[in-house]
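Enquirer: One structure, pasted below without further comment.
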Amino acid sequence: VNQKDVNQEDVNQKDVNQEDVNQEKVNQEKVNQEDVNQEKVTDMRKRNRRGATLVEFALCAPILFFIVFAIIEGGRLLMVQNALTTAAREGCRMAVLATTTDANQIQTAVDRHMDIAAPTAECSVKCSPDNLSAVQSGTTVTVNVTLSYADISWIPLGLLLGDIRLSGSAIQARE
């Protein structure tokens, strides 16, 4: 009787082991099937998102380009403003010389400098006092140089901002 019980327990143990193996196989097949289904869903999502990326780029690109061009244009504006100040200083240096008697000489000195920074721009040059031949030594001479921003802008911002006038000035004593 004991041998029979031992054999019966062995058979039961083998059945339990076989059931565990079968259950594990079923679970593994379920996991594999879930992985396949998940990959299909992921592939479908990727395919459906392809158009969304293009739409997002189409919405963000103009804003990005606007910011980049605004930075470039702002830098150019500062460069021309600095060039105007330097041109006014050059014109004033010409105006304070004892040999300068004509406003055309000042305009030539300003234009020579501005041709480097803004070759197409038309600068307005005003010198005070007007008659340099009558100015005594030690008298202060002021040169103002003005320019329309629309003349130097690479982007037509004049439509949005109106006519912006840039200016530079310098004051020196007549020699």
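Enquirer: What list of ³J(HN,Hα) values in whole Hz, one per residue of the stretch 131-144 in order, does the Karplus curve 6.51 cos²θ - 1.76 cosθ + 1.60 (θ = phi - 60°) give from phi, with Gly and Pro shown as x?
Expert: Along the stretch 131-144, the couplings run 8, 6, 5, 9, 7, 7, 4, x, 6, 6, 10, 10, 10, 10 Hz.
Enquirer: Still on this structure, please answer the following. From the backbone phi of the stretch 65-79, what are the Karplus-calculated ³J(HN,Hα) couplings (6.51 cos²θ - 1.76 cosθ + 1.60, θ = phi - 60°) in whole Hz, Gly and Pro given as x?
Expert: 5, 4, 5, 4, 5, 5, 5, 4, 5, x, x, 5, 4, 5, 5
Enquirer: If amide hydrogens are placed 1.01 Å from N in the peptide plane, which non-local residues have theirs closer than 5 Å to the one on Val141?
Expert: Gln172, Ala173, Arg174
Enquirer: Ala98: net charge of surrounding residues, Cβ under 9 Å, Lys/Arg +1, Asp/Glu -1, itself excluded?
Expert: Details: positive: Arg174; negative: Glu175.
Here the charged neighbours net out to 0.
Enquirer: For the stretch 23-175, give the share of DSSP beta bridges that are antiparallel, in percent and rounded to the nearest 5; count only bridges with both residues there. Don't skip to the answer; put the middle values down first.
Expert: Details: 14 of 14 bridges.
So the antiparallel bridges amount to about 100 percent of the total.
Enquirer: Moving on. Run the simple label-point estimate for Ala98 and Asn22 please: 7 Å along Cα→C-beta, distance reported in nm.
Expert: 12.2 nm
Enquirer: I've got another one for you. Among the GluC sites (Glu not before Pro) in the stretch 58-167, which ones are in a DSSP loop with at most 13 other Cβ atoms within 10 Å of the Cβ? Mind listing them? Spell out each step's value before the answer.
Expert: Details: sites: Glu73, Glu90, Glu122; in loops: Glu122.
Taking the stretch 58-167 and a limit of 13 other Cβ atoms within 10 Å, the loop GluC sites (Glu not before Pro) found are Glu122.
Enquirer: Charges on Cβ only, +1 for Lys and Arg, -1 for Asp and Glu, centred on the Cα centroid of the stretch 44-128; of Leu78, Ser128, His113, which one is farthest towards the dipole's positive end?
Expert: Toward the positive end, the furthest listed residue is Leu78.
Values quoted throughout were computed directly from the atomic coordinates according to the rules given, and no laboratory measurement underlies them. Just so we're clear, the structure is a prediction, and the values are computed from it rather than from any experiment. We place every Cβ from the backbone using ideal geometry, glycine too, and count neighbours over all the protein chains shown.
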